[in-house]
1. If each of LEU98 and ASN172 carries a label point 7 Å out from its Cα toward its Cβ, how far apart are those two points in nm?
2. Per-residue accessible area for LEU98 at 1.4 Å probe radius, Å² rounded to 10?
3. Taking the Cα-to-Cβ direction at SER155 and at VAL12 and moving 7 Å from each Cα, how far apart do the two end points lie in nm?
Amino acid sequence: SPKSLFATIGLVEGTDLGVISWRGTSDTDDWIADASPGLRESLFKTCSNVLLGQCDLKIPMGFDNNSGMHSAMLQIYNNSFVSNNDKIYTLYGAITNLYPSNTKWIISGHSLGAALAELCTADLSSKGVKINSSYLFADPSPGNQYYQNSYNNMSDNFSGEKLSNITYNIKNNNDIVP
């Protein structure tokens, strides 16, 4: 159903570029996922043992439980998959099985989709996927300041470039979602 579609993935014809574009908030459930920082913290506390395997939410490599990562956003990201010719792939599985290995990815998203795009950038980069750039529009941030510092200091495993140098965060200062 359209409600469950969170991202579109494809190649830019005639180039070595691929695009992963995450959709933004579209209904009440998404607004809950965009919740205020206080609710983010309480949602995360229900899943504080992620790295010990006691929860089905996986924190992308490079982060830890101090990241205050938003469990609803992690759940959406971790449950994202790609369907192709009756086969189901994780996002990483689709990139490595369905697209040329020299593809450089542009990742983008708006609102909730921007937070998912940020998680996607960190996750795929840590797995050696070539990231060209990441464009985040009205990003509600999937974690706390510790998370943000970790993200900014992570390096793309392909180019060695810091993620903060290839991530463009476009914000509207009057947006009601922090």
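The values are calculated or read from the model by the stated rules, or taken from the named source; none is laboratory data. Quick caveat: nothing in here was measured; it's all calculated off a predicted structure. Note: ideal-geometry Cβ built from the backbone for every residue, glycine included; neighbour counts use all protein chains shown. The area values use the complete protein model at the heavy-atom level, side chains included, leaving out ligands, DNA and RNA. Shrake-Rupley method; radii C 1.70, N 1.55, O 1.52, S 1.80 Å.
1. With each label point 7 Å from Cα toward Cβ, the separation is 3.1 nm.
2. Using a 1.4 Å probe on the heavy atoms, I get roughly 60 Å².
3. Label-label distance for SER155 and VAL12, simple model: 2.6 nm.
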